[in-house]
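Throughout, read-outs are computed from the coordinates displayed, never taken from laboratory work. This structure is a prediction, so every number in the text was calculated from the model and none was measured. All Cβ positions, glycine included, derive from the backbone under ideal geometry; neighbour counts span all protein chains shown.
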């Protein structure tokens, strides 16, 4: 009869587990500030005004999603156009992508924006008239 040989072996398994950091879920306020040029204080203000809606981590830190950079850039653009945060809150949902064109689903905003454009044009005309007066004062009698 053949003899049976039994061999025992020990297997050491090493498991290398990599856990994604929380920042992989989104970006923190300092990272968003760096990507957009906005200050963390401005970003907190945008949140207070309902313009940004970050998730909160268990630690309480804000967690901004991948769309936050686009949203902040739109906020900055609209603020530079002279619009207030209440108007911006109405406009943001109507800008579906990186273009600065309103979605066709938001025609009611066109009239309000046209009125704002007229107001800005009047302000420009008044400022140009003030500049002309200052130019005459600076030049003196000609």
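Show me 108-114, 52-58, 63-69 ranked by packing, highest mean number of other Cβ atoms within 10 Å first. Walk me through the intermediate numbers first.
Values: 108-114: 11.9, 52-58: 13.7, 63-69: 16.3.
The peptides rank, most packed first, as 63-69, 52-58, 108-114.
Considering just Cα atoms, how many Å³ per residue does the convex hull of the range 51-142 enclose? Don't skip to the answer; put the middle values down first.
Details: hull volume 13.6 nm³, N = 92.
Each residue corresponds to 148 Å³ of Cα convex hull volume.
How far apart, in nm, are two points set 7 Å out from the Cα along the Cα-to-Cβ line at residue 125 and at residue 109?
Here the answer is 2.7 nm between the modelled labels.
For the pair residue 117/residue 53, report the inter-label distance in nm, with labels modelled 7 Å from Cα in the Cβ direction.
The answer from the label model is 3.0 nm.
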